[in-house]
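To start, the structure under review is shown below, and the notes come after it.
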Amino acid sequence: MALQTLNPATASRAPLPLARRHPPQPFPHLPPRRRVAGGGVRPRAAVAVAVSGAVNEARRRPPQEGGEGKGTDLATLGNLCVDVVLSVPCLPPAQRDQRLAYMEGLAASPPDQKYWEAGGNCNLAFAAARLGLRCSTLGHVGQEVYGKFLLDVLEAEGITVVGMLENADVTACRQAYETLLCWVLVDPFQRHGFCSRADFSKEPAFSWIRKLPAETKIAIHHSKILFSNGYAFDEFSPDVIASAIDCAIDAGTSIFFDPGPRGRSLLHGNPDEQRALEHALRLSDVLLLTSDEAESLTNIRNPIQAGQELLRRGTRTKWVVIKMGSKGSIMITESAVSCAPSFKIRVVDTVGCGDSFTAAIAFGFLHDLPAISTLALANAVGAATATGCGAGRNVAHLDKVLNLLRESDLNEEGKTWTELIEGCSVCPEVSVMSKTPVNGFSDRLVNVVPVHGVVSGLLSMLEAAPERSTVQA
């Protein structure tokens with residue numbers, strides 16, 4: 001099978017520095033952040049893995065015990081992988097056995113490292129760091145060449161990695177300890193397909209992690225937000241994920257959860273998966289979903305009503321954020337509904353857009369931004385990423401975000417917001433960002449928020465401060 005590498009423009013990327021960077025400094029001139037209340041010897045892993053582990057293990061930076069406050073803004077749970085991005089004549093077949101054979105064929109002759117990219121929750125961490133948030137990633141990174149690559153990339157972006165090798169099962173095979181690979185396949189029509197070994201196993205990829213490691217608990221205690229998504233179930237047992245959520249609650253750490261495409265299968269999964277999903281949906285402070293995902297979990301088609309139902313089911317839920325793709329986004333709270341149209345752009349690649357969007361939602365949450373401002377920033381960060389090729393280190397830098405905000409070219413075509421709002425029988429205070437301060441809603445009083453005022457406030461906050469990332473655009 002003939003394969004071609006994708007995005008040759010990245011082929012000249014300079015080698016990553018191996019020396020540790022000085023941690024970047026936080027943004028100056030920002031409003032105060034949201035105030036949040038506030039182990040033992042590692043067992044030997046499998047011999048084949050432990051031999052080569054000393055160097056990589058030394059480069060991980062475990063959280064420090066003791067001290068006051070929370071030094072990390074955002075911690076991500078699991079979903080650390082290396083994306084191998086390839087252009088292929090056609091996407092992999094749908095049948096399981098054929099897909100497995102297809103993936104094994106790819107793995108037999110891996111492409112050059114210049115076509116590797118950090119994937120999964122690394123996208124979110126990169127985007128958040130470029131907005132000025134201090135980030136850490138909690139998960140397993142193997143000690144082979146892919147793991148070393150991932151550690152290099154994260155370190156170059158100033159992101160801490162907290163490993164999860166504690167409680168390792170010495171009987172597990174070597175492959176169980178390897179860094180997860182995701183083959184990102186792009187056909188001539190720019191359609192994407194994805195393959196990883198997690199797709200072909202009934203057990204989570206890291207099923208040998210049977211309880212939450214002590215270092216992970218410390219890291220959660222020192223974080224203001226813990227983010228997890230449905231893909232974490234591909235790596236960890238439901239009990240481990242539920243334990244991380246409970247740990248965050250005990251620590252006064254806010255919980256962000258995005259069920260993603262896995263939400264539907266988890267809803268109809270085994271009893272442990274169902275309980276853990278319900279646990280995450282009920283106890284999260286912020287839920288993030290696409291409109292289709294919200295419908296699949298509630299059987300309610302109107303995304304505003306679906307968000308209100310998820311809010312009603314939650315015991316701690318403050319925000320339900322619905323991603324409407326090219327139309328924009330919605331935030332539902334107990335007292336209000338806020339809608340922000342998207343920004344007009346020329347879309348190049350949508351991979352990483354949702355992760356970038358989530359990074360800005362976290363920024364708005366931590367800085368107590370108004371709902372409309374938070375959505376506008378999230379739309380801009382997601383859109384800025386869509387103008388580039390690929391995710392990982394290619395997610396948008398702050399300068400692209402600022403340019404989109406300055407242009408303020410909203411996509412207000414069609415009657416999306418009118419139909420959604422007027423189709424919602426029970427709706428509290430409603431605000432819609434718009435270029436024109438005209439209420440076009442027939443039967444309902446809607447607060448139309450001029451985009452100019454929203455953007456002016458965001459620009460005054462962001463323009464004076466360079467992004468924290470040490471990697472320049």
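The values are calculated or read from the model by the stated rules, or taken from the named source; none is laboratory data. The shown structure was predicted, so the numbers you read here are calculated from the model rather than taken from an experiment. Cβ placement follows ideal geometry from the backbone for every residue including glycine, while neighbour counts extend to all protein chains displayed. When the accessible area is computed, the model is the full protein with side chains, heavy atoms only, and any ligands, DNA or RNA have been set aside. Shrake-Rupley method; radii C 1.70, N 1.55, O 1.52, S 1.80 Å.
Points to keep in mind about this one:
- Loop-resident trypsin sites (Lys or Arg not before Pro) (DSSP state other than H, G, I, E or B) in the stretch 326-358 with no more than 10 further Cβ atoms inside 10 Å of their Cβ: R346.
- Cα-based values for the stretch 93-163, radius of gyration first and Dmax second, are 15.1, 44 Å.
- With the convex hull of the Cα atoms taken as the outline of the stretch 310-453, the averaged projected area works out to 8.9 nm².
- If you plug the beta carbon distance of E104 and R191 into 1/(1 + (r/R0)^6) with R0 = 22 Å, you get a FRET efficiency near 0.50.
- Inter-label distance, K318 to D112: 4.8 nm, where each label sits 7 Å from its Cα along the C-beta direction.
- Spin-label model distance (nm) - D250 vs S201, 7 Å beyond Cα toward Cβ: 2.7 nm
- Note on the stretch 190-282: semi-axes of the ellipsoid equivalent to its C-alpha gyration tensor, largest first and rounded to whole Å, are 23, 15, 14.
- Heavy atoms of the protein chains alone define the surface here; on that basis the stretch 93-221 has 38 Å² accessible area per residue at 1.4 Å probe size.
- Computed over protein heavy atoms with a 1.4 Å probe, the carbon and sulfur contribution to the accessible area of the stretch 344-407 reaches 51%.
- For the stretch 257-281, the residues whose amide N sits under 15 Å from a probe point set 7 Å from the Cα of D292 along the beta carbon direction are 259-265.
- Ordering 141-150, 90-99, 448-457, 71-80 by mean Cβ neighbour count within 10 Å, with the highest value first, yields 71-80, 141-150, 448-457, 90-99.
- Calculated FRET efficiency, E334 to S265, Cβ-Cβ distance, R0 = 35 Å: about 0.75 to the nearest 0.05.
- Here the Debye sum runs over all C-alpha atoms of the stretch 215-257 as equal scatterers in vacuum, and log10 of I(q)/I(0) at q = 0.32 Å⁻¹ comes out as -1.19.
- Taking each of K323/K400; K114/K224; K148/K202; K70/K148 in turn, the alpha-carbon distance tops 25 angstrom for K114/K224; K148/K202; K70/K148.
- D292 exposes around 110 Å² of accessible area when a 1.4 Å probe is run over every protein chain in place.
- Protection proxy ranking, peptides 117-127, 281-291, average beta carbon neighbours within 10 Å, highest first: 117-127, 281-291
- Stokes-Einstein D in µm²/s, Kirkwood radius over Cα pairs - the stretch 238-343 at 20 °C with 1.002 mPa s viscosity: 154 µm²/s
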